[in-house]
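The block underneath contains the structure these notes are about, expressed in structure tokens.
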Amino acid sequence: MKQAPASTTASTTWIDFRRLRRFDLFSTLRDPELAEIARSGREMIVPAGTTVIHQGQVGDEVYLLEDGLIDVFRERREQIETLALVDSPTVFGEMAIVTPERIRTASVRALTELRIITIPVNDMLAFVRRFPLLRTALQELLAARGFRK
């Protein structure tokens with residue numbers, strides 16, 4: 001499995017805040033709030049076959065999948081269990097926001113070339129605290145994915 005170094009796939013290009021509207025997580029936020037979140041984002045183009053998240057690692061970023069298809073899977077005793085095939089647009093890596101230890105509970109592999117916006121977990125934590133509508137949307141996302149605290 002390939003893992004592309006961030007330096008070869010990350011872009012420092014400014015993220016237009018309107019791109020965040022595609023994601024349910026941000027759909028209720030106002031333009032100034034979206035603009036602030038977008039300033040924290042970085043765009044990445046990820047080649048097919050690349051493992052974006054490794055199970056067991058500490059999560060430092062939340063991912064907004066703009067284009068592409070991902071495989072979410074767990075490795076147990078040398079067996080791979082596919083949890084979901086997920087198409088864009090979607091958010092993944094969000095568990096790092098709600099679990100204090102931020103350990104990734106699954107791996108994510110690009111099945112196609114991906115266009116992703118990454119946002120640092122620490123920034124997302126600050127946004128969730130400051131923007132009640134974002135906090136509510138995150139709770140709804142987690143509930144829909146079966147997360148229980």
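Derivation of every value follows stated rules applied to the coordinates shown; laboratory data play no part. Predicted model, so just to flag it, every value in this text is computed and none were measured. Cβ placement follows ideal geometry from the backbone for every residue including glycine, while neighbour counts extend to all protein chains displayed.
Report, by chain and number, residues whose modeled amide H sits under 5 Å from the one on Val62, excluding near sequence neighbours (fewer than 5 apart, same chain).
Residues meeting the amide H criterion: Ile119, Val121.
Can you tell me the orientation of helix 121-130 relative to the chain, as the angle in degrees between its alpha-carbon axis and the longest Cα principal axis, to the nearest 10?
30 degrees
With n ≥ 4 as the cut-off for DSSP H runs, can you work out [θ] at 222 nm for the chain, using -39500 (n - 2.57) per run divided by the number of residues, rounded to the nearest 500?
Working: 5 runs with 41 residues, N = 149.
That calculation yields -7500 deg cm²/dmol at 222 nm.
Could you sort the peptides 100-106, 120-126, 64-70 by per-residue average Cβ neighbour count (10 Å cutoff), highest mean leading? Don't jump to the answer; show the numbers that get you there.
Details: 100-106: 13.1, 120-126: 16.1, 64-70: 20.4.
Peptide ranking by packing, descending: 64-70, 120-126, 100-106.
In whole angstrom, note down how far apart the Cα centers of the stretch 61-87 and the stretch 117-149 are.
With the stretch 61-87 and the stretch 117-149 each reduced to a Cα centre, they are spaced 19 Å.
Between rounded, prolate and oblate, where does the stretch 49-91 land on the alpha carbon gyration tensor, with a ≥ b ≥ c its root eigenvalues, rounded for a/c under 1.5, else prolate if a/b exceeds b/c?
Numbers: a/c = 2.48, a/b = 1.40, b/c = 1.77.
It comes out oblate by the Cα gyration axes.
If you consider only alpha-carbon coordinates, what radius of gyration and Dmax does the chain have, in Å?
For the chain, the Cα radius of gyration and maximum Cα-Cα distance read 14.7, 47 Å.
How much net charge surrounds Pro120 when only other residues with a Cβ under 12 Å from its Cβ are counted (Lys, Arg +1; Asp, Glu -1)?
Details: positive: Arg39, Arg42, Arg102; negative: Asp60, Glu61, Asp123.
So the surrounding residues net to 0.
Taking Cα atoms, how many degrees apart are the long axis of helix 132-144 and the longest axis of the chain, rounded to 10 and kept between 0 and 90?
Taking Cα atoms only, the helix is inclined about 30 degrees.
For every other residue with a beta carbon closer than 15 angstrom to the beta carbon of Tyr63, add +1 if it is Lys or Arg and -1 if Asp or Glu, then tell me the sum. Before the final figure, lay out each step's value.
Numbers: positive: Arg19, Arg22, Arg42, Arg102, Arg104, Arg109, Arg115, Arg145; negative: Asp24, Glu43, Asp60, Glu61, Glu66, Asp67, Asp71, Asp87, Glu94, Glu113, Asp123.
Net charge around Tyr63: -3.
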